[in-house]
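Worksheet: the structure to be examined is printed underneath.
Where a number appears in this text, it was derived from the coordinates with a stated rule and is not lab data. None of these values were measured; they are calculated from a predicted model. Here the Cβ is made from the backbone with ideal geometry for all residues, glycine too, and neighbour counts use every protein chain on show.
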Amino acid sequence: MAQVNQNYLKLKDGYLFQEISRRVRLFQEANPQCNIIHMGIGDVTLPLTPKVIESFQKGVNEMGDITTFKGYGPNFGYEFLRNAIKENDYTKRFAHVEVDEIFITDGAKCDTGNILEIFGMNNKIAISDPIYPVYIDSTVMSGRTGVCNENGYYENIVYMPCTEENSFLPIIPNEIIDIVFLCFPNNPTGVTANQAYLQKWVDYAIENNVVILYDSAYEAYISESNIPHSIYEIKNARKVAIEFRSFSKTAGFTGTRCAYTVVPKELLVTDETGKKFALHTFWTRRQATKFNGVSYPVQRAAAAVYTIEGQKEIKEMIAYYMDNAKILKATMEKLGFKVYGGINAPYIWVKTKNNQKSWDFFDFLLKKQNIVCIPGFGFGPAGEGFVRFSSFAKRENVLQAVERLNQTNFI
Ligand code: PLP
């Protein structure tokens, strides 16, 4: 008889967003008259911009014409998109990335999980706490952890607590690790890392043969000029870091699906005997075998993001969301909450009052004001006592939420 992958049995409480949906659904069924405002989940609400749509449609039309039709595309993405990425996201920021180091995919979510396939099973993985849950769950599914203890920690993951005391910046662990996930601008805390901080990680990674898995899905939200957008702006990062990027939040592609991962050829790891291998070769092999590329019209749409009009349009889109963040941040601060993030990231990280548990705050806000936020505990035990608000809602919903928040008697 076929058996399940036992590692899945170790996963706790279902995926965070599924649990939130379950609670919201139960509440809505019991209170069908309530108008729930979703200020939690990080999905965008504005449509694709005109330039992107124009290019998308052109791509679709080409697929319907015998002279321009395309079958399977290149596994790693069309050159027109990879060139645009290299030029705009790296060369313009003085970061060295080569075109064949850029792998176009259908999402940073899949890539940050799939990447673990090319690493040995005995690698020790360090992950921030709290964090985007995909890194933890993918590590568990891959069979690299033990069970989850009653405090919410899996055996064999090195957790790096991100707290007010360390400004939510993970501290380099004392114990030996092999791989570390870093995410800046951070989901869920909304904090960013400066050059000096990232240089410490890169220097440490070089000295200790550690690989950095750097998720910069929110880099387009960085507003302060001294904050790096890419890990490759940091000296020597090419030797130690893989970077994940996505058009999801940059250009509203959450339902369209396009992202990319950069694996520099200088990044070497060893086998058990100490022989060195380029991870680039392994990721190339992995993608060639298991992935058949992103659809041509979608890649055309993504390339339009880099045109002059495309850039102008997505900057307006990001400004709209960041204005939402400003409104929410100011509201919560006025209500006496301590608020982090929201300056270089679309998330605000709010500390509950009087040590209220984050799921209690979530339930209170859902039931009292029909507003959905995300309980910080869902992002990891160190997220207890915090909730995340997302700025991706429509403006009218943000303003309505603000009205309701202003009328709330918080404990
Ligand atoms: N990385 C982080 C940190 C995220 O928060 C998200 C989505 O919320 C993703 C990756 C997913 O990106 P994609 O839509 O490209 O799969």
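Which entries in 10/109; 326/353; 86/239; 338/394; 92/124 show an alpha-carbon gap greater than 27 Å?
Values: 10/109 20 Å; 326/353 21 Å; 86/239 18 Å; 338/394 24 Å; 92/124 35 Å.
Result: 92/124 exceed 27 Å.
Computed about the Cα centre, the dipole magnitude for the chain is approximately 540 debye when only Lys and Arg (+1) and Asp and Glu (-1) carry charge, each at its Cβ.
Loop-only trypsin sites (Lys or Arg not before Pro) in segment 314-382, please: DSSP not H, G, I, E or B, and at most 16 other Cβ atoms within 10 Å. Intermediate values should be presented prior to the final figure.
Details: sites: 315, 326, 329, 334, 338, 351, 353, 357, 367, 368; in loops: 353, 357.
Within segment 314-382, the qualifying trypsin sites (Lys or Arg not before Pro) (loop, at most 16 other Cβ atoms within 10 Å) are 353, 357.
The distance linking segment 159-226 with segment 125-156 is 17 Å (Cα centroid to Cα centroid, whole angstrom).
Please give the peptides 398-410, 152-164 ranked by average Cβ packing (other Cβ atoms within 10 Å per residue), highest first, as a rough proxy for protection. Show your work: numbers first, answer last.
Details: 398-410: 15.5, 152-164: 17.8.
The most tightly packed comes first, giving 152-164, 398-410.
Each Lys or Arg adds one and each Asp or Glu takes one away; over the other residues whose Cβ falls under 15 Å from the Cβ of residue 310, this sums to 0.
With 40 Å as the cut-off, how large is the P(r) tail for the chain, expressed as percent of Cα-Cα pairs? Percentage above 40 Å: 16. Near residue 349, once Lys and Arg are set to +1 and Asp and Glu to -1 for all other residues with Cβ below 15 Å from its Cβ, the sum equals +1. Between the alpha-carbon centres of segment 25-53 and segment 338-411 there is a gap of 15 Å.
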